[in-house]
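Heads up, the thing below is written out as structure tokens.
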Amino acid sequence: MYCPFLSIMAIINQSFIMIDRLLAFIERHDLLILSTHDPADADGLGSQMVLACVLRWKGKNFRIINASAIPKHFRSIDPLGLVEQWDDDRHGNLPEQAGFILMDTADEVNTGKMKDVFYRAKEVFVIDHHEPKPVAAFQGIADPSAASTCEMVVEIAHAIGAVIDPQTALSAYIGIAHDSGFFAYPKTGPKTLRSALILLECGVNPTDVYRQLYENTSTEALLLQQKALSSLTLYCGNRVAVQLLRMEDFTETCAAHDETDGFVNFPLKSKDVLVSLLLKESPEGKVRCSLRSKGAINVAKIAQDLGGGGHVNASGFKSDLNIEQTVEQAIKAITKILDIP
């Protein structure tokens, strides 16, 4: 006979087992390296700040090292400058001495230069909330039902009694708000709001977070968004929106390549648009594609099939094809998902 109480208790027990495994991992290593996907976003950075807070509380030595510099619009998440950018000369001998904790991704391919560190580290632990790839297998804590990795790490900190300082709480709240669409995206649930409440009780001001996320872009980014919107093309009976950004768009506006946060969401304001894509050429010669969707349309499956990954409603991939070929490839895959002849 089905018993909801027993099911809930099983989930709670499983959570404590996972937390115990994380704590055991932490205790096994004198030095820990924290990293995330490249480029880092608010959730990856915020979760690093919370875990750093836990490690300080535990008296552990750690370094936060990411493949590239923090995107300009997320620098307020790390006011103390804890995050380092990987440098072969300064960091080259660290991996073999450290346990490696990868946050907000379970795919080392998404970590840029940190991929080599992932393989060289003494041991690896992953904390992530994305849809796992079918072949993914790792030691760690995975919860695809969570709206953010930040909420997972806040829950861990709260469960073990670690005190979250006000600045770390602000960083974590920014991460949760960013990945949950300020508590509007489908994965937002009781755990999300419980974690947010813990952070509010630490003194976070939601108005300040909103301003940092949505009222803090540069004029250059505003001009770049104009370029993106001017490229807007609709497909599949207005159900799919595509925006393109080419290298010359960044040059003409003087905007940085990481100043496109939120661009892909704009077309979803239309009641007709079900899937939105933003494709941008990058300095390394690849095309980066961000995908967003409404409802049950699984763009994570599309991204995984094209070498990327992410959430059901928010995913991305990189392509070696040119931007036109990448659009054609993506539209073909989306047409199948939408079952359009």
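Dividing the summed -39500 (n - 2.57) terms of all DSSP H runs of n ≥ 4 by the residue count of the chain sets its mean residue ellipticity at 222 nm at -12500 deg cm²/dmol.
Quick check: residue separation of residue 138 and residue 284 times 0.36 nm, minus the Cα distance between them. What number comes out in nm?
49.6 nm
Here the stretch 29-61 is scanned for amide nitrogen atoms under 12 Å from the site 7 Å beyond the Cα of residue 122 along Cα-to-Cβ, giving 29-33, 61. Placing R0 at 22 angstrom, the Cβ-Cβ distance between residue 338 and residue 109 gives a FRET efficiency of 0.20 after rounding to 0.05. Phi-derived couplings, Karplus 6.51 cos²θ - 1.76 cosθ + 1.60 at θ = phi - 60°, listed residue by residue for the stretch 34-45: 9, 9, 8, 5, 10, x, 6, 10, 5, 6, x, 5 Hz, with x used for Gly and Pro.
When the chain is described by a simple charge dipole with +1 on each Lys and Arg Cβ and -1 on each Asp and Glu Cβ, the residue from 335, 24, 92 located farthest towards its positive end is 335.
Helix 4-28 and the longest principal axis of the C-alpha atoms of the chain enclose an angle of approximately 80°. Among residues other than residue 215 with Cβ under 14 Å from its Cβ, the summed charge is -1 (Lys and Arg +1, Asp and Glu -1). Using the average count of surrounding beta-carbon atoms within 10 Å as a protection proxy, the listed peptides 64-77, 220-233 rank, highest first, as 64-77, 220-233. With respect to the chain, whose longest principal axis is taken over its alpha-carbon atoms, helix 166-179 is tilted by about 40°. Under 5 Å between amide hydrogens, built in the peptide plane, is the criterion, and for residue 63 it picks out 32, 33, 34 among residues at least 5 positions away or on other chains. Positive-end ranking of 213, 185, 172 along the dipole of the stretch 4-213, with charges on Cβ about the Cα centre, is headed by 172.
Could you tell me the calculated FRET efficiency between residue 85 and residue 205, based on Cβ-Cβ distance and R0 = 35 angstrom, to the nearest 0.05?
With R0 = 35 Å, the Cβ-Cβ based efficiency is 0.75.
Averaging 1/r over every pair of different alpha carbons in the chain and inverting the result gives a Kirkwood radius of 20.8 Å. Only the Cβ atoms of Lys and Arg (+1) and of Asp and Glu (-1) were treated as charged; on that basis the dipole of the stretch 4-213 about its Cα centre amounts to roughly 220 debye.
Once the Cβ-Cβ distance between residue 234 and residue 182 is put in as r, and R0 is 25 Å, what FRET efficiency do you end up with, to the nearest 0.05? Efficiency, from the Cβ-Cβ distance: 0.40.
Only the coordinates and a few stated rules stand behind these numbers; no lab work does. All values reported here derive from a predicted model rather than from experimental measurement. Here the Cβ is made from the backbone with ideal geometry for all residues, glycine too, and neighbour counts use every protein chain on show.
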